[in-house]
Amino acid sequence: MKIAIVGVGAMGSLFAYLLYQAGYNPWLLDKCQERVDAIKKDGLRVEGVTGSHHCALDKITTAPEEIGTVDLLIIFVKAYDTEGALRGAVSLVGDNTLVLTLQNGLGNLEKIVGLVGPHRTIGGTTAHGATQLSHNHIRHAGIGETTIGALRGKEVKGINNIKKVLKSCGIKTTITDDLGETLWSKLVVNAAINPLTAITQLKNGEIIEHAELLDVQGRIVEEACAVAKAKGITIHYRNPVEKVKEVCRATASNKSSMLQDIINEKRTEINYINGAIVSEGNEHHISTPYNDIMTRLVSALEIR
């Protein structure tokens, strides 16, 4: 199977490594020339929960025409770059190409469907965590389940093959019949962890060491669950607040993607996470003051 990954940040690099180790040797497409040059010259270094590894990922480029059409296209760019990145990579999409997004936030799936259609679009979430240490060096900070699925009422032929590919890479994968519930369940976790780490500069596990932050975290979760309920969406976790704490413990040493963005002076995905909860809350007349202030504070950090 010919596979390409668009966006070679922390998570894109992690999945590239896992695919490479399983023998797939994926193509990598990234807009950052410095990153492309570093990986092409010295390969990719991975450390963390799976040990220390080095792989010679030489099939990396900024030019999509070098790649040609692929069987599977995995999107790992930031949410605000989804549409532009996929438009730039449209030459990789052939008649039988499947497009998989494991990105954070809401709205990515709809953008991809709008460009390639629902019959070839697979959405999902992953609980794997990664931290970018340099252009060609990442830390694998946590392992967890990956869940994929199609839009409700839509069929994507070949989704079982994608599950087999991911499982062959050591990525525990399940297929869901309700992708909306999966995406919102992950959104609740991201909304309760990412902005707090970005604002405080704390790692995931350090958040739950502070009673004041735990209180704020719980209120963020309660608001998000109330909005989901208004939309008719059931969050997967019996106790969402405890689930968030569990994730913090499981990824204790991880710097969230939002914290990494702030440290590296990059735009964050706050508008697609907490901001999306605020927007959906407004639509359903649900008050979301804690998610609103998270959105405003992280946006202020971006401006700084």
Open item on the list: Spelling out what I want: for every residue of region 213-224, take phi, set θ = phi - 60°, compute 6.51 cos²θ - 1.76 cosθ + 1.60 (Karplus), and round to whole Hz; glycine and proline get x.
Closed with: 6, 4, 5, 5, 4, x, 6, 4, 4, 4, 5, 4
- [ ] Subtract the Cα-Cα distance of residue 157 and residue 239 from 0.36 nm times their separation in residues, and report this length gain in nm to one decimal.
- [x] 26.1 nm
TODO: Scan around residue 74 for amide H atoms under 5 Å from its own, H built in the peptide plane at 1.01 Å from N, and keep only partners 5 or more places away or cross-chain.
DONE: 4, 5, 6, 100
- [ ] Based on the mean of other Cβ atoms within 10 Å per residue, sort peptides 67-79, 202-214 so the most packed one is first.
- [x] 67-79, 202-214
Task: Cross-link partners of residue 266 among lysines (Cα-Cα below 24 Å; sequence separation of 8 or more within a chain) - done: 31, 40, 78, 111, 186, 203, 255
TODO: Determine the sum of side-chain charges near residue 184: Lys and Arg each +1, Asp and Glu each -1, restricted to other residues whose C-beta is under 11 angstrom from that of residue 184.
DONE: 0
Open item on the list: I need the GluC sites (Glu not before Pro) found in region 101-173, filtered to DSSP loop residues with at most 15 other beta carbons within 10 Å of theirs.
Closed with: 145, 155
TODO: Would you mind counting up the charge near residue 62? Only other residues with Cβ under 11 Å from its Cβ, with Lys and Arg at +1 and Asp and Glu at -1.
DONE: -2
- [ ] Lys and Arg at +1, Asp and Glu at -1: add these up for the other residues within a Cβ distance under 14 Å of residue 150 and post the number.
- [x] 0
Open item on the list: For the pair residue 215/residue 87, report the inter-label distance in nm, with labels modelled 7 Å from Cα in the Cβ direction.
Closed with: 4.6 nm
Task: Spatially proximal lysines relative to residue 164 (Cα-Cα < 19 Å; intrachain offsets below 8 disregarded) - done: 2, 172
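Every read-out reported here was derived from the displayed coordinates using simple, explicitly stated rules and does not represent laboratory data. Bear in mind that the values here come from a model prediction, so they are computed numbers and not experimental data. No Cβ is skipped: glycine too gets one built from the backbone with ideal geometry, and neighbour counts run over all protein chains shown.
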